Every structure is written in C-alpha cells, then in structure tokens.
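Notes follow once the structure below has been shown.
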Amino acid sequence: MQDLNPQQKEALNHTEGPLLVLAGAGSGKTRVIAHKFFHLVKTKKLHPDSLFTVTFTNKAADEMKGRISALLQKDINSCLIGTFHSQCNRILRKEIKVLDYGYDFSIYDDDDQYNLVRHILKEFKIYEALYKGITSRISFLKSSLIGPEEFLSSGDGFGFDEKLAKVYVRYQDELKRCNALDFDDLIMLTVKLFENNPGLLEKYQNMYPYILVDEFQDTNYAQYSLLKLLASAHRKICVVGDDDQSIYKFRGANVSNILNFENDFPGAKLVRLEQNYRSTQNILTVSGAVISRNSERKYKSLWTERGWGEKVYYCWFDIYGEEAKFVAKVIKELYLKGRFNYRDFAIFYRVNLQSKAIEDALREEGLPYRVFGNVSFYQRKEIKNTIAYMRLSLNHGDNVSFRRIINCPPRGIGASTLSKIEHEAKKKSVSLFDAMKVTIRADSLASLVKDKLTEFAKLIEGFSSAKYKSAAEMLKAVFEKSGYAETLDEERAKNVAELISFGEGKDIKDFIDKVSLLTTMDEIKRGDYVSLMTLHSAKGLEFPGVFIIGVEEGVLPHFKALGSTDEIDEERRLFYVGMTRAKDILWITGASKRRLYSKLQNQEPSRFLKDIPRNCCQLVEKVSHHPTIKITHIKVKVDSFRLYATGCRVKHPTWGVGVVRDCFGDGDDLKVIVNFPNIGVKRLAVKFANLQKM
C-alpha cells in the first residue's frame, strides 16, 4: 500500500460490503481497482477468476490486466476482466441455448445494425434516411430493457411510435433468424437469462462473489440491472466512478445510477478520491468552478501537489479560420522551443465538422496530426468485407454478411436473383444462404447465374469445413480464394494484410468476437502527432497541452441541449472532461463567426465561461475582446505571448539582425536570448526590446 494515499488505502481495506469510490478526474481510480484486485487475491484468498471486473473499453480492460498482472507477477489473461459486452458475451457463449439461440451467434456492430435496419425500412417502404435515428431509438429501448413485446404493450409509454414498433419487431425477428445479437442484446439477453433462470443466476453469483466496476457513472439501466442481479446475494461490490464525468447520456448512460447507489445498496460505504495526480491547480480550479454549477452532483473538491502552474489561456477571435491558424502557430512555437513533442498536444471540439479548419491550419504549418473518431480501422470496407466471409462461414444464418459479400468481388448476381433468394427465405423462414441453395435447384434461373451461385456456396462451405490453425490462416485463405484480393488497390490490400497479422496465433472464434466488440474508442493510439478528436472521444486520456476550440453558445453547449437543464448539465460535464484532460497547459478558444452546417453564423461566448474565476485565467488579446465575458484581470497582447522559436531571426532597432538562441517565460515576463553577429549574445525582455520578427 506504500504507493497509495490514505483515501485509496481506505477504499482497499473495505471488502465486506458495498463500496462507492467517488474518484475525481486524475485521482488514480484505475490504480485503486488494480490494487484492490491484488488485495482481494492476496489477503482475502479469492481466486483471480472469481473477481467479476468490468470497465468500458477494451483498451482500458487491457491496461487493467497489465497492471494487475504486474502486481500479481503472473499472467491473468484467463480472468474475467473486460467490458460489459465482452463479459456478457462470455456468459452467453455458454448459456444462450436456454434462450433458443445457437452458441455460434454473430455479433452485429453499428454498421451491421444500420444495414439491417435500412433493409427493413426499404421493405416496409419507409424513408430509408431515417435508419440512424431508428437504430438509435431501438438501442435506447434495449438499454432500458424494453423489448419489442414490452414496447408494443406500453401504449403511449416510452415514446411509442407505430412505425418504430413495426420496425423494432421485425428487426428483432431478423436478428433471431440470423442467429445474431447486437451490442445491446448482449446485455439485455444476459439480464433476461438471469431473471428467468434463478438457478443460473445463483450459479454465477457463487462463481463471482466479488464485483469490481470501473467508470460506473457510464452505466445504463440494463448494465446496472445486471450488476444488481449478480451482487444481490453477497453484496460485495465496489464501484468506482465520477458523476462529473458522466457524458454518454446519448448512449443510454444514466448518471442517477451513481447518485442513487447508496440508496440501492443500504449501508454502502462512500470514499472520495480528491487528490489529483494529473493537472496543475489552476486547471483544477477552473474546471472545478465550471462543474460546481451542476446541482445534481456529489460534492468533491480536487487538489494537487503539482503547484499552480500556468494560468488557463483564453482567446476570442473574429472568425473560426483565425482561431484554427492561431492554435496551429501556438503548437508549432511550443514545439520549436523544445518543451513539448507533437504527441503532447490534443485539440478537442464538440462536433466532428469543426475539425476541417484545424486540419487545414495544421497542414499549412507542416504539423503532423491524426483525427480520431472518424472511420475506424475495423469499419473500413475492405476489412468489413473480409471479416464478413469469416462470419458467414461460421454462421450460415448471418444474412447481413451474406448481403455484404454475395457480390464482393462482383459475381454478376443481379437484383432480380437476390429478390428471388429473399422471397424464398421469407417463404420457408430460412436463412438467405439456405434459400440460395434452394434457389439454385429451381428451373427459373439461367444456367450462368446458377453456376455463379453454386460456386459461391461451395466457396463458403469450403471455408466452413476447413480446419484452420489460427484466425490468420483463415483470413489469408478467404482473401486469396475468394478473389477479393484481385479487386483491391495497394493501400487497401495493405490494410487486409495488417488484419491478417492481427490474427496470428489467435483462435478464430475468439478473434471474431474481439473484432466485433471493438469500438472507435479502443483505437486511439498515441504517436508523434497532434491528436484531434471530439470531447466525447477524449474521455480517459491525458495530454500535457490541451486546446478546446469553439467554446460558444450553440456549439458548447450544443444547440440541441439549450432547452433542457439536464442536457445543459451534460454539456457542462463534457466541457469539464475536456478541461481535466490537460496536465500542464489549457487553452480555451472561440470565435464570433463560425461555419456550421454550411452556414456562417454569428456566435456568442459560451455561458460556461462566465463561471471561470478571473485569477486563474489569462486572456490573450488576438483580435477582439468580447465585452460580455469578464474572466481575466490580465490583458496580454499576442506579440507578447508568441514564443520566439529557437533559430528564428529578429531585428533590433540598434543592434540589427540576430538569431534567437533561447526563449523562456510568458506574457509580460517573456525573455529571449539573441546572438547578434556584431554585438554578441544579449538577454532581452520582449516587453521592452522592441524586436521585430523577420
């Protein structure tokens, strides 16, 4: 326990009842969970396999496994440490027969869901462009444990809509026919499994006598219901989270879970972790002042031993293009000074469309960057198609994969043939693959089409019956024998080659499950480049330097949130999460004009800025100072702030042209060391030197 502070030790030592660890940003919550796992194994003699441990991303789960393995000094890959979805997948792979599904079920990600919903909308002659909204509504219903039957019988409850109900019923029927589950089914069906089978619930309660939960504030109703079922017998559950960082309401996350935990588990102990190990005190004070405006929260006041650090910079621009250029120049000059690498910087924004101006500015300055949260590696067309071959080979009922690859590569199988297969599948209530084999035997098809379909059927059945030693071996066979390799350009072929390398030495079914359960949040990797991402993607990360752009009314908070107090609170939490990712330097910027949704709009500074204490913030006057926002007692001209990069040339009114050798300080205290060829080295205060950059 020597590496833990008193509150962390207190959380470790409480092992006999429910425990809520209220862990502020950067307070070492992952360390607490890893050490508590170790503590339970070493002092309470619990077997590592008996600790049901959940977090929210595969990346976080892998990090936790690594920490625990280091503490235990042994490999724990077999332990049940993972996301809610991966944990439920493990349970369902063993027990789902009770729910009348096959053990070889496929897992549909967002893209697969969209394809299936679009197909249903087309069949029902409903406007196809609604597919994302309908998929989102279905996801919300499932995360609230409302199945199609409950929704149909709800009357006017749960936002009942007749078209939605019709699509939902058909969607769930299609999933069952495909022997497929979407992400929400993994949780909902596990809850259903336990609720309807007390014997199975008791089995897993005894199997997992202790439960550890990370990022508890992000749980939805279904996930919390699962935890309460598993914990109801022994009441040995430790949840770690921060209500101030609950930012996934749009995915069904319910902040009331953490606010109500002590009511749901009477006698629960509460431990607050308030010592921050990440940020400077100025950053903590500014972010704390903003989040304190939320009324529905558990009080905490973060502090650090790192000192006050630099003040939080704020800058307001006339137009968003100037904002982007300024941010790029600041990053470049900080990098050239030698204090930071590119990997140390992140630029956060509320919506993806804000990234274009920043990307343009970074390119203009020649700075390396990477945008996260756009197209995931596993969502690339060539990757999805290759994996679809594997999925259909393992599960012939997977209609979504069938539709994806029946003409990939092109086989000349037209819409009329596919329509006949769809009709046969519906008539006989079988999968498209089985319906295709029936259609092949019919007399109505041209011999050439029959040959193409027969060839495809044999190809898939060949993959199904072959004995492959690893996922990589099967992927390679699929890529080469399907003819797909011949249709790809060099870059896409390299992506598939990378996928094959990921499958080296991995079991085929385990590999498919892992790939299916990955999200874009699992793919944020650090390299020597500036990271660009939305504030939602920033959760769980940290950077020495953070820029939050577009802090304006209608952007942050988002215009869709302006009519609801709860939504504004969520937006404030989102801003708080962004600010607390910063370790050393935090910049907050905005602009009077911003192009949003193809229209140049007039913008006002965000209401959140009014809560920032003056003494912790430094205004950089770039273009204009907006009179309605008073968050600083210092006005610093941009020329005083801009750092003189080592090697740049400057002109002095008396000594002529010289070369900057070093630069330190900031604001009015900015100083440079300049070598003048005819004079020598001089140390100058920029405020008085009247230097001109060449």
| task | Please work out the Kirkwood hydrodynamic radius for segment 382-517, using every pair of different C-alpha atoms, and report it in angstroms with one decimal place. | result | 15.5 Å
| said: I need the phi-derived Karplus couplings for segment 408-415: 6.51 cos²θ - 1.76 cosθ + 1.60, θ = phi - 60°, integer Hz, Gly and Pro marked x. | reply: 9, x, x, 10, x, 9, x, 4
| query | Three principal axis extents, largest first, for the C-alpha atoms of segment 392-463, in Å? | reply | 30, 26, 19
| field | Carbon and sulfur %, accessible surface of segment 17-143 computed with the full protein complex present, 1.4 Å | value | 51 percent
| task | Between Glu486 and Glu16, take the C-beta separation as r, use R0 = 45 Å, and let me know the FRET efficiency to the nearest 0.05. | result | 0.10
| remark: The FRET efficiency for Lys428 and Arg614, from their Cβ-Cβ distance with R0 = 60 Å and rounded to 0.05, is 0.25
| request: May I ask you to give the percent of accessible area on segment 344-465 that is carbon plus sulfur, with a probe radius of 1.4 Å? | output: 52 percent
| query | Going down the table (Lys163/Lys427; Lys163/Lys249; Lys311/Lys610), which pairs top 18 Å between alpha carbons? | reply | Lys163/Lys427; Lys163/Lys249
| field | Angstrom value of the Kirkwood radius, inverse mean 1/r, which spans all Cα pairs in segment 31-94 | value | 11.9 Å
| the chain, relative contact order in percent, only Cα pairs under 8 angstrom and at least six apart counted | 16 percent
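Using Cα-Cα distances under 8 Å and only pairs 6 or more residues apart, what relative contact order does segment 1-86 have, in percent?
27 percent
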| said: What percent of all Cα-Cα pairs in the chain falls into each 20 Å bin, going from 0 up to the bin containing the maximum distance? | reply: 16, 43, 32, 8, 1
| remark: Site Phe377, offset 7 angstrom along Cα→Cβ, radius 16 Å on amide nitrogen, limited to segment 394-414, gives none
| query | For the residue pair Ala70 and His47, what label-to-label distance in nm results when each label sits 7 Å from Cα along the Cα-to-beta-carbon direction? | reply | 2.8 nm
| note | Helix 490-502: inclination vs the chain longest Cα principal axis, degrees, rounded to 10, gives 80 degrees
| task | Write down the Å³ per residue value for the convex hull defined by the alpha carbon atoms of segment 1-122. | result | 170 Å³
| In degrees between 0 and 90, to the nearest 10, how far off the longest principal axis of the chain does helix 471-481 point, with axes built from Cα atoms? | 70 degrees
| task | Collect residues whose amide H, placed 1.01 Å from N in the peptide plane, falls under 5 Å from the amide H of Asp182; neighbours closer than 5 in sequence don't count. | result | Tyr108
| Ordering of 211-221, 540-550, 260-270 by packing [mean C-beta count within 10 Å, highest first] | 211-221, 540-550, 260-270
| request: Along Cα→Cβ, 7 Å out, is where each label goes; now give me the distance between the ones at Trp308 and Ser295 in nm to one decimal. | output: 3.4 nm
| query | Which translational diffusion coefficient, to the nearest whole µm²/s, is obtained for segment 284-328 from the Stokes-Einstein equation, given a Kirkwood hydrodynamic radius over C-alpha pairs, 25 °C and 0.890 mPa s? | reply | 180 µm²/s
| Using 0.36 nm per residue, how much length does the chain from Ala457 to Ile413 gain when fully extended, once their Cα-Cα distance is taken away? | 14.5 nm
| field | segment 175-321: Cα Rg divided by the 2.2 N^0.38 Å rule of thumb | value | 1.39
| said: What do you get for trypsin sites (Lys or Arg not before Pro) in segment 62-161 restricted to DSSP loop and a cutoff of at most 12 other Cβ within 10 Å of the site's Cβ? | reply: Lys74, Lys125
| note | Counting only residues 5 or more apart in sequence or on a different chain, those whose built amide H sits under 5 Å from that of Thr83 are Thr55
| Sum of -39500 (n - 2.57) over DSSP H runs of 4+, divided by residues of the chain (222 nm, nearest 500) | -13000 deg cm²/dmol
| task | Please list Met64, Met188 in order of solvent-accessible area, largest first, computed with a 1.4 Å probe with all protein chains present. | result | Met188, Met64
| note | In Å, the C-alpha Rg and Dmax of segment 439-490 are 14.0, 42
| request: Report the chymotrypsin sites (Phe, Trp or Tyr not before Pro) located in segment 570-625 that are in a DSSP loop and have at most 13 other Cβ atoms inside 10 Å of their Cβ, or state none. | output: Tyr597
| query | Relative to the longest principal Cα axis of the chain, at what angle does helix 58-72 sit, 0 to 90 degrees, rounded to 10? | reply | 80 degrees
| field | Loop-resident sites, segment 446-508, for GluC sites (Glu not before Pro), counting at most 12 other Cβ within 10 Å (DSSP) | value | Glu504
| message | Out of all DSSP beta bridges in the chain, what portion is antiparallel? Express it as a percent rounded to 5. | response | 30 percent
| query | How many nm is it between the label spots at Arg441 and Glu174, if each spot is 7 Å from the Cα in line with the beta carbon? | reply | 2.7 nm
| query | In whole percent, what relative contact order does segment 393-507 give with Cα contacts below 8 Å and a gap of six or more residues? | reply | 26 percent
| What length, rounded to one decimal in nm, is gained on full extension from Phe688 through to Lys203, with 0.36 nm per residue of separation minus their alpha-carbon distance? | 166.9 nm
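The values are calculated or read from the model by the stated rules, or taken from the named source; none is laboratory data. If you're wondering where the values come from, they're calculated on a predicted model, not measured in any experiment. Neighbour counts are summed over all protein chains in view; Cβ atoms, including those assigned to glycine, are modelled from backbone coordinates with ideal geometry. Only protein heavy atoms, including side chains, enter the accessible area calculation; ligands, DNA and RNA are left aside. Shrake-Rupley method; radii C 1.70, N 1.55, O 1.52, S 1.80 Å.
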